[in-house]
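The numbers here are math on the coordinates, done by the rules we state, and not lab data. On a predicted model such as this, the values are computed, not experimentally measured, just so you know. Positions of Cβ are generated from backbone atoms using ideal geometry, with glycine treated the same way; all protein chains shown enter the neighbour counts.
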Amino acid sequence: MAAHDPVEHKYVYDFAEGNKDLKDLLGGKGANLAEMTNLGLPVPPGFTITTEACKAYLTTGREPDGLAAQIEAHLESLEREMGRRLGDPDDPLLVSVRSGAKFSMPGMMETVLNVGLNDRSVVGLSNQAGGNDRFAWDSYRRLIQMFGKTVCEVPGEEFEHALDEIKRAKGTHNDLDLDADDLRGLVDAYKQIFAKHTGREFPQEPREQLDLAIRAVFDSWNAERAVLYRRQERIPADLGTAVNVVTMVFGNLGPDSGTGVAFTRDPGSGAQGIYGDYLANAQGEDVVAGIRNTVPLQELEQLDKTSYDQLLGIMARLEEHYKDLCDIEFTIERGKLWMLQTRVGKRTAAAAFVIAGQLVDEGLIDLDEALHRVNGAQLAQLMFPRFQLDHEFEPVAKGIGASPGAASGKVVFTSARAVELAAEGESVILVRRETNPDDLNGMIAAQGILTSRGGKTSHAAVVARGMGKTCVSGADELEVNVPAKKFTVGDHVVNEGDVVSIDGTTGKVYLGEVPVMPSEVVQYFEGELDPETIDDALVRAVHRIMTHADAARRLRVRTNADTGADAARARRFGAEGIGLCRTEHMFLGDRRELVERLILASGEREREDALAALLPLQRADFIEIFREMDGLPVTVRLIDPPLHEFLPPLEQLAVNVAVAQERGEDVAKEEALLAAVRRMHEENPMLGLRGVRLGLVIPGLFAMQVRAIAEAAVAVVRDGGTACPEIMVPLVGAVQELETVRAEAERIIAEVVGDSGVEVLIGTMIEVPRAALTAGQIAEAAEFFSFGTNDLTQMGWGFSRDDVEGAFFWRYLELGIFGISPFESIDTDGVGRLIRIAAEEGRAARPGLKLGVCGEHGGDPDSVHFFHEVGLDYVSCSPFRVPVARLEAGRAAITTTGSDSR
Ligand code: PEP
Ligand code: MG
């Protein structure tokens with residue numbers, strides 16, 4: 001072709017020209033109609049206008065050059081194939097104009113049926129239908145209604161009113177009682193409504209109808225509900241929709257016609273069988289509108305055995321071809337079956353695993369593909385207890401689903417009361433404005449935690465996730481009054497002892513008890529169900545796919561745990577060590593007072609006494625953990641509390657002292673405490689005296705911990721065990737901080753381990769942006785790095801991790817500034833870049849440097865793929881997310897396309 005010959009862009013594809021892999025261009029519906037056409041299945045002929053045409057139209061506000069002519073050419077060839085012309089008065093071809101984007105957006109965009117009908121062709125249609133006037137006029141009134149609403153924005157209620165009016169005049173509630181004359185009258189009424197709202201007559205020219213309908217489908221990509229849906233489902237905004245122009249077939253031509261939907265397996269459980277619904281003498285939209293009740297698909301066998309058998313044959317063929325669960329829409333027109341749509345069907349989390357397992361058994365897919373077809377979010381869903389929502393329950397409030405699951409119990413407002421009631425065998429829900437480390441015992445005792453403040457990384461949320469406990473945070477409609485032991489929400493007052501139910505997935509709060517069921521998948525991970533013998537398709541499928549993920553993955557998976565019980569559970573869940581033991585959690589409860597003494601110590605003596613009292617307690621903690629993780633690495637992080645968590649609250653202390661002074665009591669001790677708390681008070685505790693800073697300021701604190709770790713390791717080894725401790729220094733920003741701590745630690749370790757054979761690694765967290773940017777220097781003093789992505793996100797973005805999610809993230813999400821909270825899924829461009837730099841420069845300075853991550857992101861599916869790609873050695877996450885991380889690490893290893901099983 002000569003260079004000056006413009007190559008015309010192809011905007012229209014006949015069904016016979018496309019295939020299922022062209023979803024980007026033809027949308028899901030168009031690609032699959034093409035695929036079925038090419039399989040030789042009975043698809044009504046038609047063509048697809050591409051998403052590119054839509055995008056060009058949406059950018060410029062007009063149809064791209066060449067589109068009109070291409071539509072004309074395809075229409076002509078369709079007319080030739082059907083032997084009918086669009087809108088021909090005697091024997092009209094009618095078409096539907098249907099949207100169809102790459103990802104299914106059910107009901108979000110527009111469809112216009114019966115295009116090509118007008119005052120003359122309505123008669124031709126009646127003749128085609130064997131003189132069925134009623135059918136022809138009904139089709140015509142549907143066109144005016146849909147076209148008016150969709151294309152010309154005529155308010156839909158006006159049409160509904162006119163229809164109601166006619167039914168009322170006739171004394172009936174049923175559309176089917178209207179005869180041809182009634183419907184002819186309705187067409188007149190509809191035309192008047194159309195003219196009143198648009199200032200023009202209903203277009204009689206079929207080609208004009210077609211063009212306007214196509215344009216309306218393009219426009220519907222940007223309809224408000226479609227935009228909202230995309231945001232919610234994280235579907236990119238710039239894909240555009242394709243438009244399918246399809247020959248009309250009619251399911252409403254009499255009792256030998258009908259329409260239905262079918263699934264090749266049960267999308268709820270994955271079970272094999274025939275699932276679907278059928279409605280005789282009806283069009284698709286009647287099924288949606290619920291005008292009449294559908295019957296189970298099996299009953300079609302009695303009504304029309306030939307079509308039924310043909311349909312079953314096609315379903316088997318489709319499933320074999322797509323190698324997956326397919327869902328199908330079909331119509332029978334006077335005994336002839338037509339396929340209107342198919343696609344790989346949506347399914348529940350349980351069905352996703354079961355079906356993947358079945359398809360492997362059937363030899364349709366291999367285990368890599370099965371692993372690709374499920375994802376961590378689905379596995380996580382299956383691991384939580386859930387409400388049996390067979391009754392309708394109305395939530396009274398909605399907060400943030402901070403830690404998934406379902407919990408019901410009596411409301412308590414203090415940790416102590418939670419422990420008391422739990423000891424009596426009660427289920428309790430701990431309700432607080434927000435939790436703090438002192439609530440730990442209550443959180444352990446409670447079935448669930450409900451707070452009126454705080455986001456997904458608030459204390460309540462992080463700790464609850466760590467324990468696998470249900471938590472709703474930031475339910476700000478709740479007025480929590482702890483001293484009065486009650487909360488109010490709307491008109492309801494809930495007192496201590498009243499029962500509430502919380503759903504940690506949806507964030508919904510219910511009054512009263514909603515029944516809860518345990519998860520069999522957790523029972524399996526706990527070792528309570530044997531996958532080899534149990535007759536449970538889900539457990540068997542999960543076992544099989546997890547085994548494959550473990551074999552495939554390169555990333556190791558560790559856990560964040562600071563008690564022996566958590567360590568033991570995580571190990572049962574497949575953890576290969578501890579990536580973060582937060583030692584500050586070991587300083588709570590009874591020991592809190594020792595820490596307070598240590599921090600506020602006025603002299604060396606007082607401080608040393610406090611440390612001496614803490615040493616044996618810490619040693620015992622570590623012995624327990626090393627034993628549970630025998631043979632596996634355990635990263636113990638030196639203490640990192642924001643200081644305020646260990647000091648009495650300043651305001652309360654000041655009030656107490658003032659009141660006591662007023663009463664003339666002796667308050668010398670309290671005054672000294674108050675002075676010390678004032679001295680140490682910080683406006684920004686998260687940026688204050690914590691982590692390594694605390695260790696450098698309070699002499700002997702880190703030394704005591706290092707000694708306890710080394711002594712514990714030696715004790716375990718002397719008992720015949722294997723302890724592999726890794727000491728981790730938090731909040732390092734400069735190599736000099738680490739070098740100072742390291743020098744002292746090495747001295748103590750050498751002294752303690754002697755010839756016991758214990759080896760202790762020393763490394764650091766990378767959680768301050770400066771540490772990431774000077775990783776090359778820091779690696780000189782560190783045998784490993786563990787990325788603390790919670791603080792790295794906090795300091796990278798300058799977002800207070802305890803406040804911002806509840807405060808304004810909703811607006812950021814609404815504006816699309818980010819699609820998901822960066823505290824939940826790693827911000828790969830910014831925070832992720834810091835990680836890349838640190839990994840690269842760290843390894844350049846020290847080849848073989850061990851790299852891991854222990855922030856909340858370590859258990860987030862998308863983030864796990866990122867950490868795999870960056871080349872980390874392991875991720876560490878809370879015990880309940882260990883299986884999710886194992887699965888996603890396996891998926892990351894077998895796929896380069898990321899987790900896209902939408
Ligand atoms: C982190 O900052 O990511 C981290 C693991 O430490 P913490 O959450 O205890 O601050
Ligand atoms: Mg941190």
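A few remarks follow.
- Footprinting exposure proxy ranking of C326, C724, C471, fewest other C-beta atoms within 10 angstrom first, gives C724, C326, C471.
- Of the cross-linked pairs K398/K469; K410/K485; K29/K55; K29/K346; K10/K323; K23/K346, those separated by over 20 Å at the C-alpha level are K10/K323.
- Among beta bridges that DSSP assigns inside the chain, antiparallel share in %, nearest 5: 60 percent
- The string of couplings for the range 49-56 from the Karplus curve (6.51, -1.76, 1.60, θ = phi - 60°) is 8, 6, 5, 5, 4, 4, 5, 4 Hz, one whole number per residue in order, with x for Gly and Pro.
- Helix 133-152 and the long axis of the chain differ in direction by around 50°, with both axes built from C-alpha atoms.
- Nearest-20 debye value, the range 42-99 charge dipole, Cβ charges on Lys, Arg, Asp, Glu: 260 debye
- Kirkwood's formula applied to the C-alpha pairs of the range 660-782 gives a hydrodynamic radius of 17.0 angstrom.
- Protection proxy ranking of 188-197, 156-165 - average other beta-carbon atoms within 10 Å, highest first: 188-197, 156-165
- Long-range tail of P(r) for the range 57-201 (Cα pairs > 25 Å, %): 39 percent
- Translational diffusion coefficient of the range 390-490 (Stokes-Einstein, Kirkwood radius from Cα pairs, 10 °C, 1.306 mPa s): 120 µm²/s.
- Global form of the range 113-152, assessed from the alpha-carbon gyration tensor, a/c cut-off 1.5: prolate
- For the range 738-827, the Stokes-Einstein estimate of translational diffusion at 10 °C and a viscosity of 1.306 mPa s comes to 101 µm²/s, using the Kirkwood hydrodynamic radius over alpha-carbon pairs.
- Under 5 Å between amide hydrogens, built in the peptide plane, is the criterion, and for V428 it picks out K410, Q447, G448 among residues at least 5 positions away or on other chains.
- When you count the other C-beta atoms within 10 angstrom of each residue and take the mean per peptide, 837-847, 699-709 line up highest first as 699-709, 837-847.
- Its residue count N fixes a reference of 2.2 N^0.38 Å for the range 1-92, and the Cα radius of gyration divided by that reference is 1.21.
- Neighbourhood net charge (9 Å Cβ-Cβ; Lys/Arg +1, Asp/Glu -1) for A262: -3
- On Cα atoms only, tilt of 604-628 relative to the major axis of the chain in degrees: 50 degrees
- Ratio Rg/Rh, restricted to the range 531-680 and using Cα atoms, in which Rh is the Kirkwood radius: 1.21
- Given +1 at the Cβ of Lys and Arg, -1 at the Cβ of Asp and Glu and no other charges, the dipole of the range 1-93 around its Cα centre is 360 debye to the nearest 20.
- Per-selection Rg to Rh, the range 42-84 - Cα, Kirkwood hydrodynamic radius: 1.08
- Toward the positive end of the charge dipole of the range 122-189, with +1 on the Cβ of Lys and Arg and -1 on the Cβ of Asp and Glu, the farthest Cα among A129, Q145, A162 is that of A129.
- Going by neighbour counts of Cβ atoms within 10 Å, the residues T264, T198 line up, fewest first, as T198, T264.
- Coarse-grained scattering of the range 341-380 at q = 0.14, 0.23, 0.29, 0.33 Å⁻¹, given as base-10 log I(q)/I(0) from a Debye sum over alpha-carbon atoms: -0.30, -0.75, -1.02, -1.14
- Sparsely packed trypsin sites (Lys or Arg not before Pro) within the range 344-377, loop by DSSP, other Cβ within 10 Å at most 16: K346
- Each peptide in 431-441, 89-99 was scored by the mean count of other Cβ atoms within 10 Å over its residues; highest first, the order is 89-99, 431-441.
- When you work out D = kT/(6 pi eta Rh) for the range 156-204 at 25 °C and 0.890 mPa s, using the Kirkwood radius from C-alpha pairs as Rh and the Stokes-Einstein form, the result is 216 µm²/s.
- Across the range 728-740, rounded Karplus estimates of 3J(HN,Hα) from the backbone phi angles (6.51 cos²θ - 1.76 cosθ + 1.60, θ = phi - 60°) give 10, 9, x, 6, 5, x, 9, 4, 4, 4, 5, 4, 5 Hz, Gly and Pro being marked x.
- Principal-axis analysis of the Cα atoms of the chain puts helix 305-322 at an angle of about 40° to the longest axis.
- Between amide H atoms placed 1.01 Å from N, distances below 5 Å from E576 occur with V557, R558, T559, all of them 5 or more places distant or on a separate chain.
- Per-residue HN-Hα couplings for the range 423-440 [Karplus 6.51, -1.76, 1.60; θ = phi - 60°; Hz; x = Gly/Pro]: 5, 7, x, 8, 7, 10, 10, 7, 10, 9, 5, 8, 9, 9, x, 6, 7, 3
- Rg(Cα)/(2.2 N^0.38 Å) for the chain, N = residue count: 1.15
- Note on the chain: helix-only mean residue ellipticity at 222 nm, from DSSP H runs of 4+ residues weighted -39500 (n - 2.57) and normalised by residue number, equals -14000 deg cm²/dmol.
- Counting neighbouring beta carbons within 10 Å and listing from fewest to most, the residues F487, F799 come out as F799, F487.
- Considering only A567, A541, L529, the residue lying farthest towards the positive end of the dipole of the range 525-574 is A567, judged by Cα position with unit charges set on Cβ.
- On full extension, the segment bounded by D177 and E201 gains 5.8 nm, given 0.36 nm per residue less the C-alpha separation.
- Fraction of the pair-distance distribution of the range 764-902 above 22 Å, Cα-Cα pairs, percent: 38 percent
- Built amide H within the under 5 Å cut-off of A271, gap 5+: D266
- Charge sum, other residues only, whose C-beta stays under 12 Å from D498's C-beta, Lys/Arg counted +1 and Asp/Glu -1: +1
- Long-range tail of P(r) for the range 131-224 (Cα pairs > 20 Å, %): 39 percent
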